[in-house]
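Working notes, structure below.
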Amino acid sequence: MESLMSVSVGAVFWASLSFLIALFILKKFAWKPILEGLSEREKTINEALESAKEAKEEMARLKASNEDLLQEARLEREALLKEAREMKGNIVSNAEAEAKEKADAIVKKAMADIEQEKKAALSELKTQVAEFSVQIAEKVVKKNLSSNSDHMDLVESLMGDLKLN
């Protein structure tokens, strides 16, 4: 028995020959397709990396575009709110002015009505005072002027007063 550690020339020859035949067969039939597969795989990976890079750039552009749109929407919202506030202010001031005008007209009409009523009341009061005065004067004159000469003196006195006024 030979020892397991010993090397025989025949075994080395056959092992080398087997290795070279396997290497030739692999190089002839398998090495080229393996290299082509690896090359194709590398190309696919590079294309995927390039697509990922482009997608990342596109996402950055979209994000910037979205930010621009959001900013534009915010500005438009602010403009609309400002316009709404201005419209509210105009409506309120117009309503206040209209209410003031109506109130002034009502007060003016009420004052005119009051003045008219006052004049009517004064006129009626003067009429009543005049009637009462005439009635009182009539009674006084009837009672005091029993003689014709007293009557004539009173008429002359009254005529003199009328000319003076």
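Please treat every number below as a calculation from the coordinates, not as lab data. Just so it is clear, the structure is predicted and the values come from calculations on it, not from any experiment. For neighbour counting, all protein chains shown are included, and Cβ atoms are generated from backbone atoms with ideal geometry for every residue, glycine included.
Odds and ends about this structure:
- Here the Karplus relation 6.51 cos²θ - 1.76 cosθ + 1.60, evaluated at θ = phi - 60°, turns the backbone of region 65-78 into coupling constants of 5, 5, 4, 4, 4, 5, 5, 5, 5, 4, 4, 5, 4, 4 Hz, with x for every Gly and Pro.
- At most 10 other Cβ within 10 Å, DSSP loop - GluC sites (Glu not before Pro), region 2-56: Glu2
- log₁₀ of I(q)/I(0) at q = 0.15 Å⁻¹ - the chain, Debye sum with one point per alpha carbon: -1.09
- Angle in degrees between helix 148-164 and the longest Cα principal axis of the chain, rounded to the nearest 10: 40
- C-alpha center-to-center spacing [region 37-79, region 112-137] in angstrom: 97
- Note, ³J(HN,Hα) from phi for region 85-92, Karplus 6.51, -1.76, 1.60, rounded to Hz, x at Gly and Pro: 4, 5, 4, 4, x, 5, 5, 5
- Gain in span if fully extended, Ala95 to Ile114, counting 0.36 nm per residue against the direct Cα distance: 4.1 nm
- Using alpha-carbon coordinates, inclination of helix 9-25 to the longest axis of the chain, degrees: 40
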